[in-house]
Amino acid sequence: MHECSECTINISLNNQWGVSIINISLDSSIVAKFSKKEKAQDNSKFLRFSKGEGSQDNSAFRKFYKAFKPLIDKIYSETVATWLITEVFELIQKSLSPSGQENLKKWNHNDILLITYGDSIVDSQRFPLEVLAEFLENYLEDTVTGIHILSFFPYSSDDGFAVIDYLKVNSKLGNWKHIKRIAQHFNLMVDLVINHVSSQHEWFEQFKQNELPGRNYFITADPSEDLSQVVRPRSSPLLTPVETTEGEKYVWTTFSADQVDVDFKNPDVLIEYVKIILYYVQVGARYICLDAVGFLWKQHGTNCMHLPETHAIVRLFREILQLVDPGISLITETNVPNRENLSYFGNRNEAHMIYNFSLPPLLLNALMQGRSDHLKTWMMSMPPAPIGCAYFNFTASHDGIGMRPAEGLLAPDEYEQLITAMRNFGGKISMRSRPDGTESPYEINISLFDALKGTVKGEDQWQVERFLCSQTIMMALEGIPAFYIHSLLATHNYTKGGEETGHNRTINRYKWDLEELETALADPTSHHARVLNELKRLIKIRRQQTSFHPNATQYALHPMSSALFAFWRQSLTRDQSIFSVHNLSDQPQELRLNDLNLVSTDDWYDLISGHRFTDDRAIYDLAPYQSVWITNKAYI
């Protein structure tokens with residue numbers, strides 16, 4: 001036995017599992033959890049699970065232990081492993097899947113997602129979530145299969161991402177009944193804002209009052225310490241002073257003073273988030289998105305990004321979900337350079353899907369320049385997603401178009417031309433702080449529809465065609481396509497909203513009045529109706545083609561003109577090929593069919609226009625921003 005004023009640790013001989021049975025009473029900064037009686041019960045709990053309770057087989061616990069223990073060892077000390085394993089197993093044991101085996105068929109070519117706020121469409125007479133559910137059922141039930149409702153919890157700032165309570169629905173939006181209604185018709189994606197909570201969260205109130213459990217849930221630091229290496233997504237201070245019953249303390253606030261980072265070094269915090277995940281599964285979530293997960297683990301002397309403990313926690317969540325429901329997908333949201341983003345696939349044992357953050361800025365730049373160079377180079381460098389994993393493709397989001405994922409992928413002059421063009425089209429540029437104290441563009445805040453109103457040469461008449469080209473490319477790429485609602489609806493910049501809130505991101509967060517929206521969509525000449533109707537037609541075609549399976553083969557092609565972006569998709573069974581070719585320019589382009597290596601014994605057909613190709617050596621003229629999906633086997 002070792003004793004001191006801060007801890008008491010009793011260690012027995014190794015049991016049949018090769019694990020020490022440990023009684024722990026650590027200082028509250030490490031784990032403030034149990035009385036002596038409760039600790040003893042915890043050890044007996046481990047023995048009960050390992051031996052099997054009554055007539056129960058202990059095989060489930062053995063399987064869980066085998067998967068879980070190596071991950072715990074990467075994160076926490078041996079002294080907390082026994083407690084943590086039994087706590088987590090007790091949480092999930094009644095929800096264990098009969099198989100617990102990995103499900104490699106979670107997605108196929110049919111999957112299309114929509115990203116929206118709970119109040120992107122409003123009606124003054126009803127809850128926004130009720131309005132959203134009705135709109136989805138009336139307009140999109142045959143178009144999309146999944147809905148990502150952006151953080152819909154009570155919040156204090158950041159349009160939902162400073163969460164006050166993870167287990168409640170924001171009463172201004174509706175309630176769990178409305179969420180469950182949507183989940184009955186569509187596969188639901190829920191955000192787990194995992195790096196931080198609102199400064200109004202109950203945990204943080206407990207921190208300020210030095211009360212359990214929250215007093216140990218947050219990270220404090222000395223402002224005189226050198227934290228310049230820490231990667232910042234904002235220009236606001238990293239540390240925020242706060243008054244507590246023990247005096248002033250400085251807490252870690254990566255994103256804003258109202259978003260206080262939680263401390264995963266305390267295993268109690270991990271338990272809290274496991275409980276939250278299990279609750280989301282209970283209410284019907286089929287996708288769980290880990291928001292800002294790259295910042296999760298903090299270690300002085302590092303940049304505090306993508307640390308090994310962060311990756312281990314992602315793996316741990318994946319293992320838990322696999323044991324509870326193998327059909328649920330875990331998604332990481334990491335708006336960082338491409339190589340860093342790809343690391344969240346791990347060894348096909350971390351995220352099931354990763355947001356494909358390099359796509360939006362590279363695709364936007366390609367259409368601004370009218371050239372495929374950088375887009376093609378990026379595609380050629382992208383590895384196929386590992387089996388059991390997939391890319392989550394998008395071109396616009398509620399946050400804006402991140403520029404960090406384009407670092408090292410765009411030429412400096414093109415980078416500046418892109419920024420200038422976006423400003424000219426009404427966009428705003430959000431900045432971040434670098435370690436040397438300088439600032440650099442972090443994201444472009446603009447409606448994607450207005451971002452494509454012209455090129456680096458200025459505005460022109462091709463806005464709708466250019467925009468549709470961008471979405472057609474996204475739909476054809478390896479991965480699962482996700483449309484931001486304001487892309488489907490061709491929404492303009494909400495400039496007035498940005499001026500009213502003082503936040504750049506508001507520019508792409510317009511709240512449609514339902515009557516106003518339905519009037520616009522009822523007018524077939526409006527660009528809103530033109531875009532939505534054509535995208536619905538293309539999505540219907542896309543959802544039937546096996547070559548668009550998220551893991552189907554993809555190869556970049558090399559047509560003579562750099563204005564053409566072309567790639568080949570082939571179904572997993574190799575019976576269907578699709579040559580996806582896109583004119584990125586405002587000028588007609590010749591497509592030489594012999595550049596595509598069309599098999600001469602097959603009949604080839606454009607899924608989009610219906611055109612049949614009778615001569616595989618012919619030249620086909622592509623109009624400005626025209627796309628073709630040339631296939632040998634059409635599913636219509």
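The values are calculated or read from the model by the stated rules, or taken from the named source; none is laboratory data. All values derive from a computational prediction rather than experimental measurement. Don't worry about glycine lacking a Cβ; one is built from the backbone with ideal geometry, like all the others, and counts go over all protein chains shown. All accessible areas refer to the heavy atoms of the entire protein, side chains included, with ligands and DNA or RNA removed. Shrake-Rupley method; radii C 1.70, N 1.55, O 1.52, S 1.80 Å.
Give, rounded to the nearest 20 debye, the magnitude of the charge dipole that the chain has about its Cα centre when Lys and Arg contribute +1 at Cβ and Asp and Glu contribute -1 at Cβ.
1640 debye
Across the options ILE446, LEU564, ALA221, the greatest Cα extent toward the positive end of the charge dipole of the chain (unit charges at beta carbon of Lys, Arg, Asp, Glu) belongs to LEU564.
Would you mind checking LYS106/LYS633; LYS180/LYS536; LYS45/LYS94; LYS249/LYS298; LYS168/LYS298 for any pair whose Cα atoms are more than 19 angstrom apart? Kindly include the intermediate steps, with their values, before the conclusion.
Numbers: LYS106/LYS633 25 Å; LYS180/LYS536 25 Å; LYS45/LYS94 15 Å; LYS249/LYS298 17 Å; LYS168/LYS298 28 Å.
Long pairs (Cα-Cα over 19 Å): LYS106/LYS633; LYS180/LYS536; LYS168/LYS298.
Using the Cβ-Cβ distance between ASN303 and GLU416 with R0 set to 22 Å, the FRET efficiency from 1/(1 + (r/R0)^6) comes to roughly 0.25.
Peptides 617-627, 368-378 ranked from most to least packed by the mean count of surrounding Cβ atoms within 10 Å: 368-378, 617-627. Between ARG592 and ASP513, what's the calculated FRET efficiency when r is the beta-carbon distance and R0 is 60 Å? Round to 0.05. Computed FRET efficiency for ARG592 and ASP513: 0.75. Residue farthest toward the positive end of the dipole of the stretch 86-228, with Cβ of Lys/Arg at +1 and Asp/Glu at -1: which of ILE182, TRP203, LEU192? Working it through, the farthest residue towards the positive pole turns out to be ILE182.
Quick check: the angle from helix 267-282's long axis to the longest principal axis of the chain, C-alpha only, nearest 10 degrees? Between the helix axis and the principal axis of the chain, the angle is about 50 degrees.
For SER440, what charge total do you get from the other residues with a beta carbon under 14 Å from its beta carbon, if Lys and Arg give +1 and Asp and Glu give -1? All intermediate terms of the calculation are to be shown ahead of the outcome.
Details: positive: ARG232, ARG234, ARG404, ARG432, ARG434; negative: GLU407, GLU416, ASP436, GLU439, GLU443.
My count for the surroundings of SER440 gives 0.
In summary, the convex hull built on the alpha carbon positions of the chain has an orientation-averaged projected area of 30.5 nm².
What does the accessible area per residue of the chain come to in Å², with a 1.4 Å probe and no ligands, DNA or RNA counted?
Details: 25370 Å² over 636 residues.
Accessible surface, normalised per residue, equals 40 Å².
Values of log10 I(q)/I(0) for the stretch 473-594 across q = 0.09, 0.17 Å⁻¹ run -0.39, -1.00, by the Debye formula with one identical scatterer at each alpha carbon and no solvent. Summing +1 for each Lys or Arg and -1 for each Asp or Glu among the other residues whose beta-carbon sits under 12 angstrom from that of ALA563 gives -1. Quick check: Cα centre of the stretch 567-636 to Cα centre of the stretch 353-371, how many Å? One Cα centre to the other: 22 Å.
Only Cα pairs under 8 Å and at least 6 apart count here; give the relative contact order of the chain as a rounded whole percent. Can you show the working numbers first?
Details: 1280 pairs, mean separation 72.7, N = 636.
Reported relative contact order: 11 percent.
Comparing ILE112, GLN544, ASN508 along the charge dipole axis of the chain, the residue lying farthest to the positive side is GLN544, per the Cβ-charge model. Each 5 Å bin from 0 upward holds the following percent of the Cα-Cα pairs of the stretch 104-190: 3, 15, 25, 25, 16, 10, 5, 1, 0.
Using alpha-carbon pairs under 8 Å, 6+ residues apart, how would you state the relative contact order of the stretch 137-271 in percent?
On the way: 228 pairs, mean separation 27.8, N = 135.
So the answer I get is 21 percent.
Which shape class, rounded, prolate or oblate, goes with the stretch 527-586 when its Cα gyration tensor gives a ≥ b ≥ c as root eigenvalues, a/c under 1.5 marks rounded, and past that a/b bigger than b/c marks prolate? The shape class here is oblate. Per-residue packing, averaged as other Cβ atoms within 10 Å, sorts the ranges 243-256, 572-585 into the order 572-585, 243-256, beginning with the highest. Other residues whose C-beta falls under 12 angstrom from the C-beta of GLU414 contribute a net charge of -2, scoring Lys and Arg +1 and Asp and Glu -1.
For the stretch 115-273, the share of DSSP beta bridges that are antiparallel, to the nearest 5, is 70%. A compact globular protein would have a Cα radius of gyration near 2.2 N^0.38 Å; the ratio found for the stretch 343-494 is 1.04.
In plain terms, the chain from ARG537 to ASP373 could stretch by 56.1 nm, reckoned as 0.36 nm per residue minus the Cα-Cα distance.
Assigning unit charges at the beta carbon (Lys, Arg +1; Asp, Glu -1) and nothing else, what dipole magnitude in debye, to the nearest 20, does the stretch 333-383 show about its Cα centre?
Details: 4 positive and 4 negative charges, 38 e Å.
With Lys and Arg at +1 and Asp and Glu at -1, about 180 debye.
Once both axes come from the Cα atoms, what is the angle between helix 59-75 and the longest principal axis of the chain, in degrees from 0 to 90, rounded to 10? That works out to roughly 90 degrees. As a fraction of the 1.4 Å probe accessible area of the stretch 112-258, surface on carbon and sulfur atoms comes out at 44 percent.
Taking a ≥ b ≥ c as the square roots of the Cα gyration tensor eigenvalues, with a/c under 1.5 meaning rounded and otherwise prolate when a/b beats b/c, else oblate, which class fits the stretch 436-479?
Working: a/c = 3.19, a/b = 1.43, b/c = 2.23.
Oblate shape, in that a/c is at least 1.5 and b/c is the bigger or equal ratio.
Quick check: from the Cα gyration tensor, does the stretch 66-215 come out rounded (a/c under 1.5), prolate or oblate? Taking the square roots of the gyration eigenvalues as a ≥ b ≥ c, the stretch 66-215 is oblate.
Working with all protein chains in place, sort HIS306, HIS503, HIS148 by solvent-accessible area computed with a 1.4 Å probe, largest first.
On the way: HIS306 35, HIS503 115, HIS148 0 Å².
Ranking HIS306, HIS503, HIS148 by accessible area, largest first, yields HIS503, HIS306, HIS148.
Applying 0.36 nm per residue to the separation of ASP615 and LEU104 and subtracting their alpha-carbon distance, the gain on full extension is 180.0 nm. Between 0 and 90 degrees, the angle of helix 527-542 with respect to the longest Cα principal axis of the chain falls at about 80 degrees. Every helix of 4 or more DSSP H residues in the chain counts as -39500 (n - 2.57), and over all residues that averages to -9500 deg cm²/dmol at 222 nm. The DSSP beta bridges internal to the chain are antiparallel in roughly 65% of cases.
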